[in-house]
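The values are calculated or read from the model by the stated rules, or taken from the named source; none is laboratory data. Predicted, not measured: the structure shown is a model, and the values here were computed from it. No Cβ is skipped: glycine too gets one built from the backbone with ideal geometry, and neighbour counts run over all protein chains shown.
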Amino acid sequence: MDITKIIGVGLIALIIIIILRQYKPEFTIYVSLIAGVIIFFLVANSLTGIINLLQDFANKASINSKFLGILLKITGIALLTEFAVSVCKDAGETAIASKVDLGGKIIIISISIPIISALIETITKILP
């Protein structure tokens, strides 16, 4: 099962980090990054399945595929931003983490403008 692999990678990384922290604390961030990348690749198959399912739903509901693409980009940006923020916090750089978080939110808002404008157009058509 995938969750056991994910937990295993996390626990192994944790043990390595605890040991490294005593001797070479500067290398702990690298272990954290490598563990994050490995975990990402472990869940990548699940992500492709979810994307395919969403595309099928969008086709059945006659939703514009452009909007689905935007939603997937927004989700990807949110996940990558959260990963980067976590890495920054693990490295003790909370100021940089907050800047990365703010940047991710601004990019998400700018990407979502076509959806927001389409929603506003739909609402204005419905209202008298």
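Scanning segment 4-37 for residues that are over 15 Å from A91 (Cα atoms) and either of a type in the set (S, T, N, Q) or outside any helix (DSSP H, G or I) (or both) turns up T4, Q22.
If I ask for residues that are farther than 14 Å from V87 by Cβ and surrounded by 14 or more Cβ atoms within 10 Å (Cβ to Cβ), which ones from segment 11-20 would you list?
I16, L20
Residue-wise test of (1) within 15 Å of the chain's Cα centre (by Cα); (2) modelled with pLDDT under 90; (3) under 23 Å from D2 (Cβ atoms); (4) loosely packed, with under 13 Cβ neighbours inside 10 Å.
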{"site": "Q22", "(1), (2), (3), (4)": "no, no, no, yes"}
{"site": "P25", "(1), (2), (3), (4)": "no, yes, no, yes"}
{"site": "T28", "(1), (2), (3), (4)": "no, yes, no, no"}
{"site": "F41", "(1), (2), (3), (4)": "yes, yes, yes, yes"}
{"site": "N59", "(1), (2), (3), (4)": "no, yes, no, yes"}
{"site": "I74", "(1), (2), (3), (4)": "yes, no, no, no"}
{"site": "A78", "(1), (2), (3), (4)": "yes, no, yes, no"}
{"site": "T94", "(1), (2), (3), (4)": "no, no, no, yes"}
{"site": "I113", "(1), (2), (3), (4)": "no, no, no, yes"}
